[in-house]
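Note sheet for the following structure.
The values are calculated or read from the model by the stated rules, or taken from the named source; none is laboratory data. No experiment lies behind these values; they were computed from the predicted model shown. Virtual Cβ from ideal backbone geometry, glycine too; neighbours counted across all protein chains shown.
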Amino acid sequence: MSSVDPGFGVYIHWPFCRSKCPYCDFNSHVAAAIDQDRWRAALARELAHFAGDTGARTVTSIFFGGGTPSLMEPETVAGLIAAVGDYWTVADTLEITLEANPTSVEAGRFAAFREAGVNRLSLGVQSLDDDALAFLGREHSAAEARDAITLAAAHFPRFSFDLIYARPGQTARAWRRELAEALDIAGGHLSLYQLTIEPGTAFHLSGVAAADDDRGAALYQAAREMLSAAGLPAYEISNHARPGEECRHNMTTWRGGDYVGIGPGAHGRLTGDGTGATEAVNQTRMPAHWLAAVEARGHGTARRTRLRAGERSDELVMMGLRLAEGIGRERFRRLTGTDIGEAVDGAALERLRDGGFLVADDHGLRVTDTGGLRLNAVLVALLA
C-alpha cells in the first residue's frame, strides 16, 4: 500500500450536455451549437501551457469528464490524446477513460472513440428501470442502456457504468433486483452513487427529499454485500471492481498524486516548484469566459493556491479514507513530511479505533465497514 506510485493524470473537462439532469450540480451547460475545431484548439493550447509548467512527467492516465464527453467529435478526442503524447511521456499502460451517455446516437460513436485511442469507457446508465430514468431526467431508455453496455463490451477492453440508488420510494428488494441485472451485464467495474439533493439543482428547487440515513445505509450495505460476493468488492466508498480493474485515474487523485485539469471548471494538483509544496489549480468555470481566456493568454486558470501544510494533510486524509486500502503511512509521510498520527486528532483517533470505526497499524490508517457507513462523521472527528 505505502510504496504504490500514485501516478500523474490529465483530466480534460468537456462542459456541454444535451440537457441538464435534475440532480446534477456539475459544471455542465446546454449549448445549441459547439465549434469543435475551436474547442479542440483551445483545449490543446491549455495542455501545452501545463506541459511547460510541469516539466518532464510520465502521464499514467487521461480522463475525459463532463458534461458529456461523448458529445465530442472523435477527431477532437484523438487530437487531444495525440497532444498529450506530444507534450509528455506516456506510460505503456496509459489508461484513457471517456465518460459517455448510453443514448443510441452517442453509442454509435463508440467504435470511433476506440479508434481515437480511448481504452476505457464509463457509461452514465444511472438505472435499468424506465420509470427511474424518467424521474432522473435521463434521455435514454433501459433498453438503450443495455444495448450500449453490450457495445461497450464489444469495443473496449475495459468499461464501467454508473447507477444511482436511494431514489424516492426505492426498496431494498427492488435495489437488489436491479443490482442482480447489473451484475449479469457488467464488466470489471461498477460505480454506485447515493442520490443526494444538492442546493441549486432542479430536485432541490422542487422539494425532492433525500433518503433518510437508515434507508441509505441499508441500500449501501446491500450493494456492498452483493458486489463483494460477485467478485467486485468496494475499493472506494462508491466504486467496486475486480482486482486490477480499478479506475487508475481516480486512484491517482485519491492517493494524492499530481494531475493536470484542463477545460472550464477543471481543477488540478501540482507539486514540484522546488519547495515540495502542492498547488491547487482551478480553471475558469464559464465555458465562454474560459475559451476567451485561453485564446487571449494560452490558459484559463482562474486561481492557483499553494496549500498550507495543514490543508494538504487534511485533503489527503479526506481523500485517502475513501479507499478500502486507506492511507499508507509511508506515502503520507513522503507527501507531507509528517506522520499520519500527527495530522489528525489523537484522542479522536483512539476513540474511533476502539469503537471499531478505524484500523490504525504499521501500514497506515483505514476505515472499517462500520466506519465507511459514517465516513463524514469520522472525518469531522479526526480533523476537528
message = From the list Glu315, Glu330, exactly one residue is modelled with pLDDT of 95 or more and charged (D, E, K, R). Which is it?
response = Glu315
Residue list for the range 52-76, restricted to those being more than 24 Å from Ala32 (Cβ to Cβ) and at pLDDT 95 or above = Thr58, Val59, Thr60, Ser61, Ile62, Phe63
ask   = What are the residues in the range 111-147 that are without any contact (Cβ under 8 Å) to a residue 24 or more places away in the chain, of a type in the set (Gly, Ala, Ser) and in a helix (DSSP H, G or I), if any?
value = Ala134, Ala142, Ala143
ask   = Could we say that Ala91 is of a type in the set (Gly, Ala, Ser), in a helix (DSSP H, G or I) and at pLDDT 95 or above here?
value = no
request  = With the condition kept exactly as written, say whether any residue in the range 207-222 is closer than 30 Å to Trp39 by Cα and touching a strand residue (DSSP E or B) at 6+ places or on another chain (Cβ under 8 Å).
outcome  = no
ask   = Does the range 27-47 contain any residue that is part of a loop (DSSP other than H, G, I, E, B) and within 25 Å of Leu316 (Cβ to Cβ)?
value = yes
key: Verdict on Glu139 being over 20 Å from Thr252 (Cα atoms), surrounded by 21 or more Cβ atoms within 10 Å (Cβ to Cβ) and touching a Ser or Thr at 6+ places or on another chain (Cβ under 6 Å)   = no
query = Identify, please: which residue in the range 253-306 is hydrophobic (A, V, I, L, M, F, W, C) and in a loop (DSSP other than H, G, I, E, B) and is, among those, nearest to Ile81 (Cα to Cα)?
reply = Ala266
